[in-house]
Amino acid sequence: MTETTQQDRVLIFDTTLRDGEQSPGATMTHDEKLEIAELLDEMGVDIIEAGFPIASEGDFEAVRDIANRSKNAVICGLARSSFKDIDRAGEALKGARRARIHTFISTSPLHMKYKLQMEPEAVLEAIEKSVSRARNYTDDVQWSPEDGTRTEHDFLCRAVETAIKAGATTINIPDTVGYTAPRESANIIAMLRERVPGIEDVVISTHCHNDLGMAVANALAAVEAGARQVECTINGLGERAGNAALEEVVMALRVRNDIMPYQTGIDTTKIMRASRLVSKATGFPVQYNKAVVGKNAFAHESGIHQDGMLKHAGTYEIMRPEDIGLTETNLVLGKHSGRAALRAKLRDLGYDLADNQLADVFVRFKELADRKKEVFDEDLIALMGDGTTESDRIRVKFLRVICGTEAPQSADLTLTVDGVDNQVTATGDGPVDATFNAIKALFPHNARLQLYQVHAVTEGTDAQATVSVRLEEGGKIVTGTSSDTDTVVASAKAYVNALNNLLVRREKTRPESI
């Protein structure tokens with residue numbers, strides 16, 4: 001690895017819990033946020049943006065509890081330029097060993113005219129006041145010009161200079177709508193370094209969205225131009241097409257350290273564990289061909305590729321699976337396997353469970369093993385991704401369907417809603433439609449089904465089916481997932497999981513953000 005200096009250290013600012021959670025349908029529970037934050041802290045993330053404290057009581061409590069528990073990372077709360085936002089963030093971060101307030105305001109002509117309806121001078125005044133207010137709570141203040149890459153350069157320089165003079169210690173340049181390209185991304189950073197007085201005394205950060213598929217390339221270009229902080233998310237989670245993916249940024253810097261001589265503090269062997277944990281919490285499956293963490297990232301089917309791999313892994317793999325915490329898939333578990341073997345295997349797959357969690361998973365593992373001859377790693381990952389939690393208000397207790405060539409198909413369903421069992425028989429155009437109609441009869445709602453997706457976890461007629469369901473209600477979008485060897489049962493549980501997530505989402509409101 002190329003020798004680097006302290007100046008070449010790139011800080012990793014993870015915003016999975018803030019920008020990532022704003023991805024439609026990606027709502028996480030309080031406990032899931034704490035678990036993800038703990039892992040991010042453990043794997044060496046420098047700054048964790050834990051949430052948007054003003055957004056809801058739930059966000060405030062999450063930021064507060066993460067701040068109180070963090071051992072190493074700086075914990076950051078997002079705030080718009082209003083004093084109310086900033087004060088709320090300061091209150092949430094009181095218990096942090098190291099706290100940061102991240103405040104922002106729009107600076108592009110389009111945003112200032114139509115969104116803020118403010119004149120440029122008023123925006124500059126708001127920058128000065130908001131950064132100064134944040135400095136009352138912490139010496140670590142980050143400021144961002146929303147829609148920065150579409151901001152006129154002269155005004156961007158004035159805005160950044162204003163923030164620095166007011167006390168900002170990190171200046172983040174967001175590509176809020178994923179509009180820029182690598183050369184332009186680098187040029188903006190270089191331009192600011194050349195034109196803004198005092199910028200040499202602050203950290204320059206980059207925040208790239210992936211609308212044109214260039215988020216990681218834009219972030220790396222900014223680093224080469226002088227940025228020393230990258231804002232990113234696990235699995236590239238985020239609004240619209242998502243954000244720069246942490247795993248891609250980190251592994252690109254590691255693998256191509258010969259041409260990008262920069263270091264991060266990330267323990268890359270925890271990357272797969274983080275990817276699976278975020279996927280499980282959000283219900284967002286990782287696409288098979290996703291860089292670094294996708295199922296096919298280390299798979300080789302071509303005969304030429306397989307021949308090369310057998311002779312030397314480096315012929316077609318530029319990084320080792322174990323570098324990201326990936327273990328080789330093998331068949332080791334069955335219905336006679338015990339808790340110790342299950343715990344060891346799950347740990348290999350990146351899941352470190354407490355005793356009570358293991359007890360719950362073990363029961364479900366035994367049920368699965370009784371139905372399947374062979375339990376694959378993918379089956380265990382699917383089992384861990386089951387959306388059911390103890391706090392769910394709605395649960396599937398019993399389901400029996402009648403289907404075939406003779407219509408109508410019917411579903412006999414019992415749901416437990418707030419501890420009370422309710423039963424109904426409904427018909428529909430197929431067993432899944434009948435099941436969904438039965439759920440809606442027992443738990444009436446106006447949510448619209450946006451997506452119903454099924455894929456087999458492994459091969460064979462006894463393979464588990466993983467079902468994803470996406471619901472929309474009044475602009476709120478939620479996702480539910482579940483796995484079962486019975487596709488209709490998995491469908492029912494996924495739909496109910498989505499409804500439980502919707503109940504959580506109904507309690508939340510979220511202001512606009514970068």
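The values are calculated or read from the model by the stated rules, or taken from the named source; none is laboratory data. Everything quoted here is computed from the prediction, not taken from an experiment. Glycine gets a Cβ as well: all are built from the backbone with ideal geometry, and neighbour counts include every protein chain shown.
What the table below lists for this structure:
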read-out	value
From LYS280, LYS270, residue being more than 23 Å from GLN142 (Cβ to Cβ), within 20 Å of the chain's Cα centre (by Cα) and at pLDDT below 90	LYS280
THR149 polar (S, T, N, Q), closer than 19 Å to PHE13 by Cβ, part of a helix (DSSP H, G or I) and in contact with a helix residue (DSSP H, G or I) (Cβ under 9 Å, 6 or more places away or on another chain)	yes
Answer from VAL375, VAL417 - the residue that is within 30 Å of VAL504 (Cα to Cα) and surrounded by 14 or more Cβ atoms within 10 Å (Cβ to Cβ)	VAL417
Selected residue [in contact with a helix residue (DSSP H, G or I) (Cβ under 9 Å, 6 or more places away or on another chain) and either of a type in the set (A, V, I, L, M) or free of Cβ contacts under 8 Å to residues at least 12 places away in the same chain (or both)] from VAL420, VAL401	VAL401
Out of ASN497, ASN446, sole residue that is of a type outside the set (Ser, Thr, Tyr), at pLDDT below 95 and within 20 Å of VAL361 (Cα to Cα)	ASN497
Residue in the stretch 136-155 that is farther than 17 Å from ALA227 by Cα, of a type in the set (Val, Ile, Thr), within 29 Å of the chain's Cα centre (by Cα) and in the same structural domain as LEU220 (by TED's automatic domain parsing) present	yes
Some residue of the stretch 264-271 being in contact with a Ser or Thr (Cβ under 9 Å, 6 or more places away or on another chain) and of a type in the set (Val, Ile, Thr)	no
Which listed residue, of GLU161, GLU184, GLU152, GLU194, is out of contact with any Ser or Thr (no Cβ under 6 Å at 6 or more places or on another chain) and without any contact (Cβ under 8 Å) to a residue 24 or more places away in the chain	GLU194
Some residue of the stretch 450-470 being touching a residue at least 12 places away in the same chain (Cβ under 8 Å), of a type in the set (D, E, K, R), out of contact with any Ser or Thr (no Cβ under 8 Å at 6 or more places or on another chain) and not assigned by TED's automatic domain parsing to the domain that holds LEU368	no
Any chance SER482 is out of contact with any Phe, Trp or Tyr (no Cβ under 8 Å at 6 or more places or on another chain), buried (at least 19 other Cβ atoms within 10 Å of the Cβ) and either within 16 Å of PRO285 (Cβ to Cβ) or free of Cβ contacts under 8 Å to residues at least 24 places away in the same chain (or both)	yes
Options ILE381, ILE477, ILE394, ILE402; residue that is of a type in the set (A, V, I, L, M) and farther than 24 Å from LEU368 by Cα	ILE477
Of the criteria (1) in contact (Cβ under 8 Å) with a residue 24 or more places away in the chain; (2) farther than 30 Å from LYS290 by Cβ, which one MET112 fails	(1)
Subset of the stretch 49-62 [in contact with a Lys or Arg (Cβ under 9 Å, 6 or more places away or on another chain) and modelled with pLDDT of 95 or more]	GLU49, ALA50, GLY51, PHE52, PRO53, ILE54, PHE60, ALA62
Sole residue being over 24 Å from ILE47 (Cα atoms) and in a helix (DSSP H, G or I), chosen from ALA134, ALA126, ALA163	ALA126
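The rows are residues; the columns are (1) touching a residue at least 40 places away in the same chain (Cβ under 8 Å); (2) outside any loop (DSSP other than H, G, I, E, B); (3) under 19 Å from LEU380 (Cβ atoms).
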{"residue": "PRO261", "(1), (2), (3)": "yes, no, no"}
{"residue": "ILE266", "(1), (2), (3)": "yes, no, no"}
{"residue": "LYS270", "(1), (2), (3)": "yes, yes, yes"}
{"residue": "ARG273", "(1), (2), (3)": "yes, yes, yes"}
{"residue": "ARG276", "(1), (2), (3)": "yes, yes, yes"}
{"residue": "SER279", "(1), (2), (3)": "yes, yes, yes"}
{"residue": "GLN287", "(1), (2), (3)": "no, no, no"}
{"residue": "VAL292", "(1), (2), (3)": "yes, no, no"}
